[in-house]
1. What residue among Ser82, Ser95, Ala119 has its Cα farthest toward the positive end of the dipole of the stretch 58-143, where the charges are +1 on Lys, Arg and -1 on Asp, Glu, each on the Cβ?
2. Normalised by the residues of the chain, what does the relative contact order come to in percent, with Cα pairs under 8 Å and at least six apart?
3. In whole angstrom, note down how far apart the Cα centers of the stretch 86-108 and the stretch 1-57 are.
4. Please list, by residue number, every one of the chymotrypsin sites (Phe, Trp or Tyr not before Pro) in the stretch 19-85 that is coil in DSSP and has at most 13 other beta-carbon atoms within 10 Å.
5. I'd like to check one number: the per residue accessible area of the stretch 101-167, probe 1.4 Å, reported in Å² as a whole number.
6. Between (i) 15.9, 47; (ii) 18.6, 59; (iii) 45.7, 153, which matches Rg and Dmax of the Cα atoms in Å calculated for the structure shown?
7. Please report, in cubic angstrom per residue, the volume enclosed by the convex hull of the alpha-carbon atoms of the stretch 20-118.
8. Relative to the Cα centre, what is the charge dipole magnitude of the chain, using +1 at the beta carbon of each Lys and Arg, -1 at the beta carbon of each Asp and Glu, and rounding to the nearest 20 debye?
Amino acid sequence: MPGLGTLSVLSSGADADFTNKLIAAPKPFIQFTNTESETSGLVTYLANSNGCHANEAAEALYHFCENIKRDITAEADVNIESVGNFFVDGTGTISFKPEELPVSFAQPVIAERVIHLNAEHQMLVGDKETTNTRMTEFLAPKTAIADRWWIWAIVLAAVGLTLLAIYFTQFENTSSFGNVVNYIHS
């Protein structure tokens, strides 16, 4: 707006209300800055929508903005219908208060969480792409392999004792240390 500043239509993001299972719609709002911006796009739009030449649209826009500046100094504030109010704040600068958008234009949406138990999907973990199934397997607690060395020790000891028992039962005349002692009984 020549001589006033810039009005921009912006949009806030959608808000999630998990406790009530709702997602509020993004709300458009008008922001005013005291710095002027390029008006050629607005002038072209006004000329096309009113069916006039661009010079006439630029002049009409200039007069419109001059009237707002004049009316702000004469009155407390200037209302542009369905847009908002221009006013002079305590520091003497021109400010703007936008009108609130009616609630009926931005109704919230019901958001029920859907869980697919056996669905596999891609996901990004750090800088690597993987699937939810692989991550579940990776993060699952590992079962510890039981240390069963003692079973083998018992089996080997039993085999060794069995072999010793067989050896000593087959060779009864020899001593256990290799020395043979023969006693003659008279």
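1. Positive-end residue among those listed: Ala119.
2. 16
3. Measuring centre to centre over Cα atoms gives 13 Å.
4. Here no loop site has a sparse enough neighbourhood.
5. Accessible surface, normalised per residue, equals 98 Å².
6. Only one option fits the structure, namely (iii).
7. 213
8. 1300
The values are calculated or read from the model by the stated rules, or taken from the named source; none is laboratory data. Owing to the predicted nature of the structure, the values given are computational and were not obtained by experimental measurement. Every residue, glycine as well, gets a Cβ built from its backbone with ideal geometry; the counts of neighbours run over all protein chains shown. These accessible areas exclude ligands, DNA and RNA; they are computed on the full protein's heavy atoms, side chains included. Shrake-Rupley method; radii C 1.70, N 1.55, O 1.52, S 1.80 Å.
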